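Asker: Provided herewith is a single structure, encoded as structure tokens, for subsequent inquiry.
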Amino acid sequence: METEIVPLGDTALVVKLGEAIHPAVNQKVRQLADYLEKNPFRWMVEYVPAFTSVTLYYDIMRLLSELGGTREQEEVVYPFELAAAFVRDELRKLEGTGLPPSRVIQIPVCYGGELGPDLTEVAEHHGLTPEEVIEIHTSADYLVYMLGFAPGFAYLGGMSERIATPRRQTPRLSIPAGTVGIAGDQTGVYPLETPGGWQLIGRTPIELFRPGQMPPTLLGAGDTVRFYPISRGQFDAWEEVTR
């Protein structure tokens, strides 16, 4: 798929860099996001990277002031067309550029019991033991594709199909922060106490969303996540220290 730029309302555009959720496509997303972070346009308000695209919000008046009198093509008269033409030119600069080294974040998880009430159900769904589910879940490296849903919630790719499990038919009204879940072929960690319908297999004592720090999120797009198991005693001791 060739890069496509489409409008989103009257103050934003979406740069579509692919259709499939795939590491190679997401690398292009992260390259563009990294470029925008280091070379922000003066008329840009913010940018939002996703699985396969980057949304760029802009200030119309500043955009017209910056670009309206610099283009020779008289037919380019709408703010979106000005912004899209500029972005297309900038995209050419990304060819052959690299990315900062990926961080590897290790996350401790206490699996099963009251902290992971659905672990046994997930195991039975696949004809596995809970210990086998834990082994499979902790043996993979997970790519953070994007943040969304809630502050600090990372959409992770790379989970084995052997433990891919449908969402619960009835969502829970409240899921504690730090809970690790599975939904379909994805796994993730709830950064805040929220409702949710994922299968809950464990919990981490680590805070993923820290509003008093900068950056406020532990994880970011492009990071690699590795889970490792801890006991309930280790979980309680960890929580006691971080309170």
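The values are calculated or read from the model by the stated rules, or taken from the named source; none is laboratory data. On a predicted model such as this, the values are computed, not experimentally measured, just so you know. For neighbour counting, all protein chains shown are included, and Cβ atoms are generated from backbone atoms with ideal geometry for every residue, glycine included.
Asker: Here's a check for you: in region 33-43, which residue that is crowded, with 17+ Cβ neighbours inside 10 Å and touching a helix residue (DSSP H, G or I) at 6+ places or on another chain (Cβ under 7 Å) is farthest from Gly68 (Cα to Cα)?
Answerer: By that ranking, first place goes to Tyr35.
Asker: Hey, another quick one. Do we find that Ile134 is farther than 20 Å from Gln106 by Cβ, out of contact with any helix residue (DSSP H, G or I) (no Cβ under 6 Å at 6 or more places or on another chain) and at pLDDT 95 or above in this structure?
Answerer: Spelling it out, it is not the case that Ile134 is farther than 20 Å from Gln106 by Cβ, out of contact with any helix residue (DSSP H, G or I) (no Cβ under 6 Å at 6 or more places or on another chain) and at pLDDT 95 or above.
Asker: Additional query: Check region 99-112 and report whether any residue there is hydroxyl-bearing (Ser, Thr, Tyr), out of contact with any helix residue (DSSP H, G or I) (no Cβ under 7 Å at 6 or more places or on another chain) and modelled with pLDDT of 95 or more.
Answerer: Scanning region 99-112 turns up no residue that is hydroxyl-bearing (Ser, Thr, Tyr), out of contact with any helix residue (DSSP H, G or I) (no Cβ under 7 Å at 6 or more places or on another chain) and modelled with pLDDT of 95 or more.
Asker: Now for a separate question. Among the residues of region 1-24, count how many are surrounded by 14 or more Cβ atoms within 10 Å (Cβ to Cβ) and under 18 Å from Arg92 (Cα atoms).
Answerer: Residues flagged as surrounded by 14 or more Cβ atoms within 10 Å (Cβ to Cβ) and under 18 Å from Arg92 (Cα atoms) within region 1-24 amount to 8.
Asker: Within region 1-30, work out how many residues are touching a helix residue (DSSP H, G or I) at 6+ places or on another chain (Cβ under 7 Å) and either part of a strand (DSSP E or B) or within 29 Å of Tyr142 (Cα to Cα) (or both).
Answerer: 7
Asker: Taking into account only those residues within region 206-223 that are crowded, with 16+ Cβ neighbours inside 10 Å and among the aliphatic types (A, V, I, L, M), which is farthest from Tyr145 (Cα to Cα)?
Answerer: Among those residues, the one meeting the criterion is Ile206.
Asker: Would you call Ala33 under 28 Å from Gly181 (Cα atoms), small (Gly, Ala, Ser) and either assigned by TED's automatic domain parsing to the domain that holds Val15 or in a helix (DSSP H, G or I) (or both)?
Answerer: Yes; evaluated as a whole, the condition is true for this residue.
Asker: If you don't mind, another one. Restricting attention to strands (runs of 3 or more DSSP E) lying wholly within region 122-232, give those where 3 or more residues are within 23 Å of Val25 (Cα to Cα) and touching a residue at least 60 places away in the same chain (Cβ under 8 Å).
Answerer: The strands (runs of 3 or more DSSP E) meeting that bar are 142-147, 154-157, 224-229.
Asker: Going through region 102-121 one residue at a time, which ones are part of a helix (DSSP H, G or I) and either touching a Cys at 6+ places or on another chain (Cβ under 6 Å) or not hydrophobic (A, V, I, L, M, F, W, C) (or both)?
Answerer: Once the filter is applied, which keeps residues that are part of a helix (DSSP H, G or I) and either touching a Cys at 6+ places or on another chain (Cβ under 6 Å) or not hydrophobic (A, V, I, L, M, F, W, C) (or both), region 102-121 yields Gly113, Glu114, Thr120, Glu121.
Asker: Return yes when Gln27 is polar (S, T, N, Q) and either closer than 18 Å to Ala154 by Cβ or surrounded by fewer than 11 Cβ atoms within 10 Å (Cβ to Cβ) (or both) and no when it is not.
Answerer: It is true that Gln27 is polar (S, T, N, Q) and either closer than 18 Å to Ala154 by Cβ or surrounded by fewer than 11 Cβ atoms within 10 Å (Cβ to Cβ) (or both).
Asker: Restricting attention to region 59-75, does a residue exist that is in contact with a Phe, Trp or Tyr (Cβ under 8 Å, 6 or more places away or on another chain) and within 30 Å of Gln234 (Cα to Cα)?
Answerer: The answer is no, given that none of the residues of region 59-75 is in contact with a Phe, Trp or Tyr (Cβ under 8 Å, 6 or more places away or on another chain) and within 30 Å of Gln234 (Cα to Cα).
Asker: Answer yes or no as to whether Asn26 is touching a strand residue (DSSP E or B) at 6+ places or on another chain (Cβ under 8 Å) and either outside the structural domain of Leu218 (by TED's automatic domain parsing) or of a type in the set (Gly, Ala, Ser) (or both).
Answerer: Taking the combined requirement at face value, the residue satisfies it.
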